[in-house]
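**Q** Take a look at this one; I'll ask things after.
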Amino acid sequence: MISTRTSLTLVAIVIFGMFGAGCDNKPAAEGAKPGEAKPEGKAEQKAEKKAEPAKVASCNVIKAESICRQFGDANISAAGADFLKNMCTGEFKMEACPADKRVGSCATPEGTKIYYNDGPLPMAADAAAKACKEGVPAGEWKAGQ
């Protein structure tokens, strides 16, 4: 007859054999069945995140004021596109201001004001630069951009 202690030892060996024998302490491969390990020597594939293009919006009032206001991602995130659209007295678009006939741009924390030599109030570069630097808020002038 087998003692109780010997019986427990045999049960433990059988249980370990069923569950522990195939265990190699390697994590399962993505999509693998339970108990399957990652193949040796293969590097993990990392999903590449595509960078989203920066958002840009514009309020075109060239026909009325000879300027276009352009808003970057930070402005759009802070204020919201709907708010910017409601504040626009001209043509609002989720795209950059037109490139043709630009005199220069004035970047401020509130967005970028782009001056044009077209429309009812065309500005020369020196006058636009002065308006930018002395404006409220004052901005950073870039000629031709």
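The values are calculated or read from the model by the stated rules, or taken from the named source; none is laboratory data. Because the structure is predicted, anything quoted here is derived from the model rather than measured. FYI the Cβ positions are ideal-geometry reconstructions off the backbone, even for glycines, and counts take in every protein chain you see.
**Q** If you go through segment 60-78 one residue at a time, how many are under 21 Å from the mean Cα position of the chain (by Cα), surrounded by fewer than 17 Cβ atoms within 10 Å (Cβ to Cβ) and over 19 Å from LYS142 (Cβ atoms)? So that I can check it myself, show each step before the final result.
**A** We begin by selecting, within segment 60-78, every residue under 21 Å from the mean Cα position of the chain (by Cα); these are 70-78.
Now restrict to residues that are surrounded by fewer than 17 Cβ atoms within 10 Å (Cβ to Cβ): 72-74, 77-78.
Of the ones still in play, those that are also over 19 Å from LYS142 (Cβ atoms) are 77-78.
Summing the residues that are under 21 Å from the mean Cα position of the chain (by Cα), surrounded by fewer than 17 Cβ atoms within 10 Å (Cβ to Cβ) and over 19 Å from LYS142 (Cβ atoms) in segment 60-78 gives 2.
**Q** Within segment 72-82, is even one residue part of a helix (DSSP H, G or I), of a type in the set (D, E, K, R) and either in contact with a Lys or Arg (Cβ under 7 Å, 6 or more places away or on another chain) or in contact (Cβ under 8 Å) with a residue 24 or more places away in the chain (or both)?
**A** yes
**Q** Looking only at segment 111-118, decide whether some residue is over 24 Å from PRO53 (Cβ atoms), among the aromatic types (Phe, Trp, Tyr) and free of Cβ contacts under 8 Å to residues at least 40 places away in the same chain.
**A** no
**Q** Can you report the number of residues in segment 93-122 which are among the hydrophobic types (A, V, I, L, M, F, W, C), assigned to a loop (DSSP other than H, G, I, E, B) and surrounded by fewer than 21 Cβ atoms within 10 Å (Cβ to Cβ)?
**A** Final tally of qualifying residues: 4.
**Q** Check segment 56-72 and report whether any residue there is modelled with pLDDT under 95 and among the hydrophobic types (A, V, I, L, M, F, W, C).
**A** Checked segment 56-72: no residue is modelled with pLDDT under 95 and among the hydrophobic types (A, V, I, L, M, F, W, C).
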